[in-house]
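Undergrad: Attaching a single structure in structure tokens format; questions to follow.
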Amino acid sequence: MKIYDAALEHELQNPDLTRGKLERARRVTVHHDAVPASVRYEVMPGTVTSDCPEGLRQEITTPAQEAWDEYEEVQRYVPYTDAELAEIAEKAQAEKAAADAAAKAAEQAAKEEAARRDAAEKLNAQVTYTAMMTDTMLPEVG
């Protein structure tokens, strides 16, 4: 689909979508003027004879037609206003801050999980050592 400037006059090849947006639009490609009604006479086939060398004629009426346009579906590039650009920048900064906070929370959760695992392993090692030293190890079931 073709992309045009905001006035639909000039076709754009690579619009900067960080500085504007695309909207659906219709562009006039051809304008047809109104046509008034007309009447013409045509010779009817098979009516030319020696008695009537010019043949019989029939009236052909062409009805009036209003003016009309042909359109093509295009996209219109509309540049953002300064206020919209500021709002986009603000949203991007807020999203970045939220992503940073989520990453930091995930990192902290991973550290806490690692600390819990280490504590459990140390406790398990201490219990095993104590059981070995006191000869109170349970026999393995199996």
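Undergrad: Per DSSP H run of n ≥ 4, the term is -39500 (n - 2.57); total these for the chain, divide by its residue number, and report the mean residue ellipticity at 222 nm rounded to 500 deg cm²/dmol. Each step should come with its number before you reach the end.
TA: Numbers: 1 runs with 52 residues, N = 142.
Dividing the helical sum by the residues of the chain leaves -13500 deg cm²/dmol.
Undergrad: Here's something else I'd like to know. Based on the inverse mean of 1/r over its pairs of different Cα atoms, what is the Kirkwood hydrodynamic radius of the chain, in Å?
TA: Details: mean 1/r = 0.0394 Å⁻¹.
Computed over the chain, the radius equals 25.3 Å.
Undergrad: Using 0.36 nm times the number of residues separating Glu95 and Asp118, minus their current alpha carbon distance, what extension gain do you get?
TA: Numbers: separation 23, 0.36 × 23 = 8.28 nm, distance 3.45 nm.
In short, 4.8 nm is gained.
Undergrad: For Leu8 and Arg24 in one chain, what is 0.36 nm times their gap in residues minus the Cα-Cα distance, to one decimal in nm?
TA: On the way: separation 16, 0.36 × 16 = 5.76 nm, distance 1.12 nm.
Length gained, Leu8 through Arg24: 4.6 nm.
Undergrad: Quick check: residue separation of Leu138 and Ser38 times 0.36 nm, minus the Cα distance between them. What number comes out in nm? The partial results should precede the final answer.
TA: On the way: separation 100, 0.36 × 100 = 36.00 nm, distance 11.21 nm.
Difference between extended and current length: 24.8 nm.
Undergrad: Using a Gaussian network for the chain with springs between C-alpha atoms less than 10 Å apart, which of these wobbles most: Val35, Val127, Val78?
TA: For the chain, modelled as a Gaussian network with Cα springs under 10 Å, the answer is Val127.
Undergrad: Moving to a separate point now. For the chain, with every protein chain kept in place, what is the accessible area per residue (1.4 Å probe, Å²)?
TA: Values: 11800 Å² over 142 residues.
Per residue, the chain has 83 Å² of solvent-accessible surface.
Undergrad: Local charge sum around His31 (other residues, Cβ-Cβ under 11 Å, Lys/Arg +1, Asp/Glu -1)?
TA: Numbers: positive: none; negative: Asp33, Asp69, Glu70.
That sum, taken over residues with Cβ under 11 Å, equals -3.
Undergrad: Determine the share of the chain's accessible area contributed by carbon and sulfur atoms, expressed in whole percent, with a 1.4 angstrom probe. Don't jump to the answer; show the numbers that get you there.
TA: Working: 6510 of 11800 Å².
Here it works out to 55 percent.
Undergrad: Also: By the scheme Lys and Arg +1, Asp and Glu -1, what is the net charge of all other residues having a beta-carbon under 14 Å from that of His10? Write out the running numbers ahead of the final one.
TA: Values: positive: Lys2, Arg27, Arg76; negative: Asp5, Glu9, Glu11.
In short, 0.
Undergrad: For the range 18-142, what's the relative contact order in percent, using C-alpha pairs closer than 8 Å and at least 6 residues apart?
TA: Reported relative contact order: 27 percent.
Undergrad: If you line up the long axis of helix 82-133 against the longest principal axis of the chain, both from Cα atoms, how many degrees apart are they, to the nearest 10?
TA: With rounding to tens, the tilt is 30 degrees.
The values are calculated or read from the model by the stated rules, or taken from the named source; none is laboratory data. Everything quoted here is computed from the prediction, not taken from an experiment. Because the Cβ atoms are built from the backbone with ideal geometry, glycine has one as well, and the counts that use them run over all protein chains shown. Note: areas computed on protein heavy atoms with side chains; ligands, DNA, RNA excluded. Shrake-Rupley method; radii C 1.70, N 1.55, O 1.52, S 1.80 Å.
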